[in-house]
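Structure, as structure tokens:
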Amino acid sequence: MSWAERFENLRQNYVSARRTRLLMLGGLIAAAGAWPMYSDTMHHLTGKPSTATLIEHIRECTVEYQRIGEDKRKEPMACDAAEEFQRLNGSNKIKVSQNSFARVRFSLADGQIHEARSPRGSSVPISCPLARQLLSSMPQIIGMTSGRC
């Protein structure tokens, strides 16, 4: 066997090994992409109906200010009082940050009633995927399906 034949055999082995690796990588990528679709489809086929109710909208404010000779302070305060405090002392001296929350109540598949609180306008990870979906849309009453939580 000459060096040219050995070289050709090595090249063919390298090409077939590379094809095998690419085929396996493509299969893994396809499986990783197909799993969420399969899981979501099974969830909708076998899920139990559930209804969530918006209980209340909550506004919380934090006031940040600094007195002369002291460190900066951050204190929670009622939003109306915080806005009045800022108006009286000036917006350059008092910083008011407002957070809006929503409380939602829904029942789980096993009959338990669960309440969730989430900042509005952001997706906060919650242990229950149903709660994450409910809190992201936020109408007054939401009807969705939930088979697991």
Task: Label point distance in nm, Asp71-Asp110, each placed 7 Å from Cα along Cα→Cβ - done: 4.4
Open item on the list: Give me the dipole magnitude in Debye, nearest 20, for the range 1-46 about the Cα centre, with unit charges on the beta carbon: positive for Lys and Arg, negative for Asp and Glu.
Closed with: 200
Task: Packing-based exposure ordering (other Cβ within 10 Å, fewest first) of Phe101, Phe85, Phe7 - done: Phe7, Phe101, Phe85
Task: P(r) histogram, all alpha-carbon pairs of the range 1-122 included - 5 Å bins from 0, percent - done: 2, 8, 9, 8, 7, 8, 7, 6, 6, 7, 7, 6, 5, 4, 4, 3, 2, 1, 0, 0
Task: Where GluC sites (Glu not before Pro) fall in DSSP loop in the range 64-101, at most 16 other Cβ within 10 Å - done: Glu70
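Since every read-out is calculated from the coordinates, none of them should be taken as a lab result. Here the structure is a predicted model, which is why all the values come from computation and not from measurement. Note that each Cβ is placed from the backbone with ideal geometry, even for glycine, and that neighbours are counted across all protein chains shown.
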